[in-house]
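Asks: Just dropping this structure here.
A short reminder: the numbers here are calculations on the coordinates, not readings from a lab. What you see is a predicted model, and the numbers here were worked out from it, not measured in a lab. Positions of Cβ are backbone-derived with ideal geometry, glycine not excepted, and every protein chain shown enters the neighbour counts.
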Amino acid sequence: MLVIKDGQVYDPINGINGETKDIWIEGGKIVESLDHIPQGATVIDALGMIVMPGGIDIHAHIAGSKVNTGRKLCPEDHYEHFRMAKGDLRSGVGFTVPTTFMTGYKYAEMGYTTVVEAASAPIVTRHTYEELDDMPILDKAILVTLGNNELLMDRIAMGQMDEARDLVAWMLKSVGGYGVKVVNPGGVENWKWGGNVASWDDEVKYFNLSPRKIIKALIKIADELGLPHPVHLHGINLGLPGSDITTAEIIKDACGRLHLCHLQFLSYGKDKKGRMCSGGSYIANLINEHPNVTLDVGQIVFGNATTMTSDGPLEYRIQKMTGHKWCNEDVECETGGGIVPLKYKITSLSSAIQWITGMELFLLVKDPWSIALTTDHPNAGPFFCYPQIIRLLMDRDYRNYFISLLPPRAFRGSVLKDLGREYSLYEIAIITRAAQAKILGLTNKGHLGIGADADVSVYAPENFGKRQCICRFKHCRRALDFPSWVIKGGEVVVKDGVVLNEAPGIVFRVAPSHGESIRDKIREEFEKYYTISFDNYPVQEDYLKNTKEVICG
Amino acid sequence: MLTKAKDVVCTFCGCLCDDIILTLDENRIVKVERACANGMGLFKNYNPDLLSPKIRGKGASWEKAIKEASEILSSAKYPLIYGLSSTSSEAQRVSVKLAEALGASIDSTSSVCHGPTGLAMQFVGEPTCTLGEIKNRADLLIFWGCNPIVSHSRHFARYSVMPSGRFVQDGRESRKVVVVDVRLTQTARVADVFLQVKPGSDFELLVALKALVKGKSLDAVEVGGISIKVLEELVSDMKSCRYGVIFFGMGLTMTKGRDLNVRELFSLVKELNDHTKFSALPMRGHGNVTGADQVMSWLCGYPFAVNFSRGYPRYGPGEFSAVDLLCNKEIDALFVLASDPVAHFPSKAVDHIMEIPTIVIDPAESLSAKKATVYFPTAMYGVDCEGTAYRMDGVPLRLKAPVKGNRPSDEEVLEAIFEGVRRC
């Protein structure tokens, strides 16, 4: 038994806002308090400390084929950032794309205990599972890319919606996925011929289909299957001025639950002269009107990043723009992918506009339950910079100082300078924990009620900013960056900001039911278009030992 | 009684054909269907009998051998773990753990095959795709410095030249095949166009092609023994195809220029993407050499040539790569996992192997195994033990164990040695 005594508890799901409360833990779960603390129990004195559920990251690229290509691509990202092996803890390297063990440790040392891998092509999900097996402490889940799946597009185009639904269910179940990820629907398919899409009604070449039809079908299917997490959409025109128009269109058009990921990247306006400007306030207002739509921000952090996405044509464009090294990875019948390293400079006009756009989303979306803090790690910045963003949201003076560093022209059309909102700790607990769990549909995560998983982080406010951040950004200030204690599954894993020992992590997955005939219906097509045997495609039991099925419906 | 095993994965080469049918009689493979000659040899008459390890050529118990190996490794000042490419990624993961615990260097056979491809990728990136994209889309195939008919015998049939795909309905008829090589190989014989490049001129040829793609005119009649006119025709084909691909092999990576050749090739392919869709794919040799790159990347951050002497991974191709460490006589113990450096390394490197204690894990008693201080005869991945392997394009497959295993797997022996080292 473990008792966290006298902490100020922030547990928004249970409406607890900074009240002094004891948290009792046994068997990896939060339990009812007893009259007195039994002998042999571990007691953590949290007097004057902030107690929150373990942090949750709804969207990060942490493992799998694309991430690993990013690691291999950038040795210069690793040389100066390393961690030595110590006792049973493993070594690692990497700044924007850390190795697997280091990823687990660094998240834990920030108080995070659950992370969702945001995009895995179904055919290479076995690889994602192998890497997650080497990423201790964290609980994880995998979103699988289905927005450009050719067998699925064939069915949607022909109006065979029952078969399409069965196929989605079969895919998720066979590869051990947790949710449906859609990336630039139709655009990635067109990229396989060097093209893209620019509007929701553009043609998906050779498929008699539009991006709109694909996304609408998938939203419907996710609803019908009762998936715990709605369709997770990376829309079209990412990164382009005017993407706010296409984003607005899909927010209005979505009939059903929809999660829009790293929305900052898809909320750029275009002024009369065709120049890029923030569309953050426009999009935030629309979000406020559509309670069925949630988002994570994908906030820019100034410094080095590695862009990696299934949006192949986007990475091609970034490569043309920057001249940096470029990987492209088209995946048969399913999706694409690309990687380009990038630096966001505080002196750059476009980087500043991107930063402003994200901040406007944070400050203008009224309901914190519909918004999640992310950096689309490592696309807009590395995950260990979340504490800087938290500080920016909580501390208006710091934010205003930060604003003064940006090129003034970046504020054309922006309302950010007029926004005085400061997030409370309660709201921070929502956007980093509670809302993330709700949007993901993980009922035992993101709160400290009886029966919840005992993932807890404890912070002493005087330790904020205590650790020198490795980002080397001289204006970096932080909050909630240095947990005094982190408990994962009831075990103490971090003390005084440093990982002590590993605890096992599990992978959540879904197994929605589907018509049994789907296998026979697709077998022949599969073997015609794929290059592996149909029966070798599903992720075998051997990889799913540390997984837990979350029930649909 | 005869039994059949279907959809078996063959680990002979990086193609990882996963449609093999085996017929077994009493735990012996008596019939192999669909495999190429190379794959046949892997499966047919494979003997899964338990063999005893050897210490200095003499039979020894497993316990003794593990103890001896652990002692050699833990008393070494600078051990090297080498090989990795013909075993499962599960075993590769343990070998990285072992290297970390020992403060050793660890290197895979990549450093003597497609290591330069990795270096090139780290400079310019790599526009690539999985093999199914080739099957479904490619209408122009260029094979450069590789001879798949001999080395990857089913590549043509399954992935590249022959199959019909979603957008390539007529198979071979719909595809143009170009071979660039220094001699008329078997692969070159079946090509539509064969460009015989002068040995050592690949780099010049690639630069010339890139210039032509960029629309520059060249003040030369020929480059690398090939007339400009022929090159212009090739460039015209490259720019006008729907989906092109260049497969390349050790003819580029292990000849003059090495990583510079591949850098130029990747840059050329990058350039071509301004005109049409184009990809490049290395023809990886060993069954799971791609897995070795993957595992080392996710655990060490670097694909090969890693050193752990400071307690964290450092990258040093040319410094921590096996041939260099051996030729410089830097290491004082060698751990060979699923490869045969004594048979394949330069004689100067082999000379040093002969002088230091070696530990070899291999299903077959290779030349390296015969010389080994301690030799462990283990199960063959994908025949009598399971695991994961990565195809040359990064697609991971589960390896079955159609034959009932009697010998321990590489992974099990590695784990035992890891424990042994910890106790030392």
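Asks: Excluding same-chain residues fewer than 8 positions from B:K31, which lysines have a Cα within less than 20 Å of its Cα?
Replies: B:K4, B:K6, B:K44, B:K400, B:K404
Asks: Ok, one more. So, R0 is 56 Å and r is the distance between the beta-carbons of B:R422 and B:F123; what FRET efficiency does that work out to, to 0.05? Walk me through the numbers before you get to the answer.
Replies: Working: r = 39 Å, r/R0 = 0.70.
My answer for the efficiency is 0.90.
Asks: Give, as ranges by residue number, the residues of region A:45-63 whose backbone N falls under 16 Å from the point 7 Å along Cα→Cβ of A:M1.
Replies: What the label zone holds, given the 16 Å backbone N cut-off, is A:45.
Asks: Just list whichever of A:K548/B:K64; A:K5/A:K466; A:K106/A:K345; A:K325/A:K345; B:K256/B:K370 have alpha carbons separated by over 29 Å in the model shown.
Replies: Distance filter (> 29 Å) returns A:K548/B:K64; B:K256/B:K370.
Asks: Counting DSSP beta bridges with both partners in chain A, what percentage is antiparallel, nearest 5?
Replies: Taking every DSSP beta bridge within chain A, about 55 percent pair in antiparallel fashion.
Asks: While we're looking at this one, here's another question. Within region A:16-63, report the GluC sites (Glu not before Pro) that DSSP leaves as loop and that have at most 16 other Cβ atoms within 10 Å.
Replies: In loop regions of region A:16-63 (DSSP not H, G, I, E or B), the sparsely surrounded GluC sites (Glu not before Pro) are A:E32.
Asks: Filter the GluC sites (Glu not before Pro) in region A:42-126 down to the DSSP loop ones having no more than 14 other Cβ atoms within 10 Å, then list what survives.
Replies: Listed in order of number, the matching sites are A:E80.
Asks: In debye, nearest 20, what is the charge dipole magnitude of region A:51-507 about its Cα centre with +1 on Lys and Arg Cβ and -1 on Asp and Glu Cβ, if you could check?
Replies: Details: 49 positive and 50 negative charges, 309 e Å.
The calculation lands at about 1480 debye.
Asks: Which of rounded, prolate, oblate describes region A:426-504, given a ≥ b ≥ c as roots of the alpha-carbon gyration tensor eigenvalues and a/c under 1.5 marking rounded, otherwise prolate only if a/b is larger than b/c?
Replies: It comes out oblate by the Cα gyration axes.
Asks: Let me ask you something else. Need the C-alpha centroid separation for region B:351-424 versus region A:506-526, integer Å.
Replies: Each part reduced to its Cα centre gives a spacing of 35 Å.
Asks: What is the mean number of Cβ atoms from other protein chains located within 10 Å of the Cβ atom of each residue in peptide B:118-126, rounded to a whole number? Working shown, then result.
Replies: On the way: counts 3, 1, 0, 5, 6, 2, 5, 13, 9.
Going residue by residue through B:118-126 and averaging, the value is 5.
Asks: Here is a further query. At 0.36 nm per residue, minus the direct Cα-Cα distance, what do B:S309 and B:N406 gain on full extension? Give it in nm, one decimal, please.
Replies: 31.3 nm
Asks: Now a separate question. Determine, from the Cβ-Cβ distance of A:H290 and A:E541 and an R0 of 35 Å, the FRET efficiency 1/(1 + (r/R0)^6), rounded to the nearest 0.05.
Replies: My answer for the efficiency is 0.30.
Asks: So, one more: Shape verdict for region B:115-282, please, from the Cα gyration tensor: rounded (a/c under 1.5), prolate (a/b greater than b/c) or oblate.
Replies: Values: a/c = 1.35, a/b = 1.29, b/c = 1.04.
Rounded shape, in that the Cα axes give a/c under 1.5.
Asks: Among B:F376, B:F248, which comes first, second and so on when ranked by fewest other beta-carbon atoms within 10 Å?
Replies: Ascending Cβ contact count within 10 Å gives the list B:F248, B:F376.
Asks: May I ask you to sort A:R83, A:R509 by Cβ crowding, counting other Cβ atoms within 10 Å and putting the fewest first?
Replies: A:R83, A:R509
Asks: Further question on the same structure: According to a simple spin-label model (label point 7 Å from Cα along Cα-to-Cβ), what is the distance in nm between B:E330 and A:E525?
Replies: Distance between the two pseudo-spin positions: 5.4 nm.
Asks: Hey, another quick one. On a C-alpha basis, how far is the centre of region B:202-272 from the centre of region A:274-329 in Å? Whole number, if you could?
Replies: 35 Å
Asks: Just list whichever of A:K366/A:K495; B:K198/B:K348; B:K216/B:K277; A:K343/B:K270; A:K273/A:K417 have alpha carbons separated by over 31 Å in the model shown. Intermediate values should be presented prior to the final figure.
Replies: On the way: A:K366/A:K495 35 Å; B:K198/B:K348 29 Å; B:K216/B:K277 21 Å; A:K343/B:K270 21 Å; A:K273/A:K417 23 Å.
Result: A:K366/A:K495 exceed 31 Å.
Asks: Here's another thing I want to ask about it. Quick check on chain B: helices-only [θ] at 222 nm, where DSSP H runs of length 4 and up contribute -39,500 (n - 2.57) each and the sum goes over total residues. Nearest 500, please. All intermediate terms of the calculation are to be shown ahead of the outcome.
Replies: On the way: 18 runs with 157 residues, N = 424.
Here the helix-only value at 222 nm equals -10500 deg cm²/dmol.
Asks: Counting other Cβ atoms within 10 Å of each Cβ, which trypsin sites (Lys or Arg not before Pro) in region B:70-130 have at most 14 and sit in a DSSP loop?
Replies: Details: sites: B:K77, B:R93, B:K97; in loops: B:K77.
Here the sparse-neighbourhood loop sites are B:K77.
Asks: As a check on your grasp of the helix formula, calculate [θ] at 222 nm for chain A: sum -39500 (n - 2.57) over DSSP H runs of n ≥ 4, divide by the residue count, round to the nearest 500. Before the final figure, lay out each step's value.
Replies: Values: 16 runs with 160 residues, N = 553.
After summing the helix terms and dividing by the residues of chain A, the value is -8500 deg cm²/dmol.
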